[in-house]
Amino acid sequence: MPDSHAPAPTVLDEILSGLSAGQKTLPAKLFYDDAGCALFGRITELPEYYVTRAEMALLGRHAGEIAAHAPDGAALVEYGASDEAKGMALVDSGRGAFSAYVPVDIAACALEAIAQRMRSSHPDLPVLPVQADFLQALALPEQLGERPLFGFFPGSTIGNFRPPMARRFLGNVRDTLSVASTPGSVPCLVVGTDLRKDKERLIPAYDDAAGVTAAFNLNILNHVNAVAGADFDPSRFRHRAIWNAHEGRIEMHLESTVAQTVTVGGRPIAFRANETIHTEDSYKHTREGFAALALSAGWRSGGFWTDPESLFGMHLLLG
């Protein structure tokens, strides 16, 4: 049986485990150092990257309807909060329904920037950032007291999770939100998903003409160098974006342009020419497919909204 008292794997353990696999991988959370946060911000503004525009168009039309499902006085708990714009679309349309904002993210740089901006834009709304890997069990701030919670996971970030991981995440969120549910109420979570569409629209969103997504992907190697004492040379890798129709996902890879050996945490890692590191998945869900996935994690569908072009969807899940 697994040792329940065994220490959690370190970042170095995760890196070495991924790079030792048949298909080399890196943890996608390592995209988000300071440089990665800045590059992702630029990605959201690219003409090819439709996701953020479609999601904001959806919120522009339906934020009030979505916020109406929040219990009075709820704290808005936003998972993967790289910025506050989407969360504040709900807060500002919610007619005072929300009494606190809890942005949760792995990137301290993003949370610090959110807190600073919120002091000016929403000075009367308590902001309680949580720096955490939200794929793990999450401890929310004690300052929330007995406020009810309303979960929010925008941005199609759940598309980065393979189905078993998505189910585990959804189960963890259900457990977290259930603890604070008032008697007779049910947990609520709103999740954003990028919808299935033609690869001609998808590939440019992940391989833009200006090369910003390529720079974002390659920057993960700089972060690995910093946290794992590695000696990756990003100039010896190139960015690739692939549509995997069978799995319904975009895959991002870094392809070694030459045969080379990289040292990571004192361990040599050999690469063949053209061998890749699989750095990220981005699943494109159908409405029905995601509802079935959520059901397998204990959630039922309570509503669905989309943008005018039906590019992006938001699901209301009830525990």
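A few remarks follow.
- Within a Gaussian network of the chain (alpha carbon springs, distance under 10 Å), most fluctuating of Ala259, Ala215, Ala89: Ala259
- Reciprocal mean inverse distance between Cα atoms of the chain - Kirkwood radius, Å: 20.6
- Subtracting the Cα-Cα distance of Asp124 and Ala21 from 0.36 nm times their residue separation leaves 32.1 nm of extension gain.
- In degrees, nearest ten, helix 212-228 long axis to first principal axis of the chain (Cα): 80
- Net charge in the neighbourhood of Ala89 (other residues with Cβ under 15 Å of its Cβ; Lys, Arg +1, Asp, Glu -1) is -2.
- Positive-end residue, the chain charge dipole about Cα centroid, Cβ charges, pick of Leu170, Leu293, Leu138: Leu293
- Across the chain, C-alpha contacts under 8 Å between residues 6 or more apart give a mean separation that, scaled by the residue count, equals a relative contact order of 21 percent.
- q = 0.11, 0.13, 0.14 Å⁻¹, the stretch 199-314: log10 I(q)/I(0) [Debye, one scatterer per Cα]: -0.52, -0.67, -0.74
- Dipole of the stretch 34-128, positive direction: furthest Cα of Pro71, Gly87, Ala57, with charges on the beta-carbon: Ala57
- Helix axis angle, 287-296 relative to the chain longest principal axis, alpha carbon, degrees: 90
- Helix 108-121 vs. the chain, principal-axis angle (Cα, 0 to 90°, nearest 10): 30
- Two-decimal log10 I(q)/I(0) for the stretch 108-164, as the Debye equation yields it once each C-alpha is a single scatterer, q = 0.14, 0.20, 0.28, 0.30 Å⁻¹: -0.54, -1.04, -1.34, -1.33
- Based on alpha-carbon atoms, the Kirkwood radius and the radius of gyration of the stretch 72-215 give Rg/Rh equal to 1.00.
- The orientation-averaged projected area of the convex hull spanned by the Cα atoms of the stretch 146-196 comes to 4.0 nm².
- Fraction of the pair-distance distribution of the stretch 141-270 above 24 Å, Cα-Cα pairs, percent: 53
- Highest to lowest packing among 97-106, 22-31, scored as the average C-beta count within 10 Å: 97-106, 22-31
- Relative to the Cα centre, the charge distribution of the stretch 6-89, modelled as +1 at Lys and Arg Cβ and -1 at Asp and Glu Cβ, gives a dipole magnitude of about 240 debye.
- Whole-Å distance, taken between Cα centres, linking the stretch 244-317 and the stretch 12-30: 15
- Count Lys and Arg as plus one, Asp and Glu as minus one, and take only other residues whose Cβ is under 12 Å from that of Ala210; the net charge is then -3.
- Charge sum, other residues only, whose C-beta stays under 13 Å from Asn274's C-beta, Lys/Arg counted +1 and Asp/Glu -1: +3
- Ordered by the number of other Cβ atoms lying within 10 Å of each residue's own Cβ, fewest first, Lys284, Lys86, Lys199 fall into the sequence Lys199, Lys284, Lys86.
- Ranked packing of 261-274, 51-64, most packed first, by mean Cβ within 10 Å: 51-64, 261-274
- Assuming charge only on the beta carbon of Lys and Arg (+1) and of Asp and Glu (-1), the dipole of the chain about its Cα centre is about 560 debye to the nearest 20.
- Only Cα pairs under 8 Å and 6+ residues apart enter the sum, and on that basis the relative contact order of the stretch 203-319 stands at 17 percent.
- Computed magnitude of the charge dipole of the stretch 211-319 (debye, nearest 20; Cβ of K, R +1, Cβ of D, E -1): 140
- Rule-of-thumb Rg ratio for the stretch 1-107 [Cα; 2.2 N^0.38 Å; N residues]: 1.44
- Mean residue ellipticity at 222 nm, helices only, the chain: -11000 deg cm²/dmol; runs of at least 4 DSSP H residues each add -39,500 (n - 2.57), and the sum is divided by the number of residues.
- As a rough guide to protection, the peptides 35-48, 120-133 ranked by mean Cβ packing within 10 Å, highest first, stand as 35-48, 120-133.
- Of interest is the spacing of the C-alpha centroids, which for the stretch 208-229 and the stretch 111-154 amounts to 28 Å.
Bear in mind that the values in this text are calculations on the coordinates, not laboratory data. Keep in mind it's a predicted model, so treat the numbers as computed, not measured. Positions of Cβ are generated from backbone atoms using ideal geometry, with glycine treated the same way; all protein chains shown enter the neighbour counts.
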